[in-house]
Amino acid sequence: MERIAIGKSGLTTSRIGLGTWAIGGWMWGGTALPAFIGLNEDLLPMVRSRTAMIPKLREFRRPVRIIFGAADPYLNQGVARSFHEFLPQSELFLIPGARHFVQMDEPEQVARLILAMPSQGSKQS
């Protein structure tokens, strides 16, 4: 098994067969792994720089509605709640049954929430 480091990201991958690679529990064939690496080479530095910006989010005072699918397996309820904590003035809406593409799963409900958004400067009741 051949192991290599992936760019500046600090990730490693293993060649497990002819043209097949494994990274983070995922199997990649052909050109998929190089494409993944190209898209994510700067992932860790970007995460670090964005994490440093979190205190500024706590100072943001404009109306924000966080709308997530309650059944989203990727950006799950924990992620939604973290965003809500980062933006203390925000409102959090977890749409039951909606998954990752909440706007496609429940378009009417998402539209109602967006259209009912208070304008900047107005007081919520």
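We did not get these values from a lab; they are worked out from the coordinates using the rules stated. Keep in mind that this is a model prediction, so the values were computed, not measured. Reconstructed Cβ throughout: ideal geometry from the backbone, glycine too, with neighbour counts over all protein chains shown.
For Asp42, Asp105, what's the fewest-to-most ordering of other Cβ within 10 Å of each Cβ?
Values: Asp42 13, Asp105 16.
Exposure proxy ranking, most exposed first: Asp42, Asp105.
If you take every residue apart from Val102 with its C-beta less than 13 Å away from the C-beta of Val102, what net charge results, scoring Lys and Arg +1 and Asp and Glu -1? Residues close to Val102 contribute a combined charge of -1. Here the relative contact order of region 35-104, from alpha carbon pairs under 8 Å that lie six or more residues apart, stands at 34 percent. Projecting label points 7 angstrom from Cα along Cα→Cβ for Ala52 and Asp105 puts them 3.5 nm apart.
Per-residue extension of 0.36 nm, minus the Cα-Cα distance of Ala35 and Ser119, leaves a gain of 26.1 nm for this segment.
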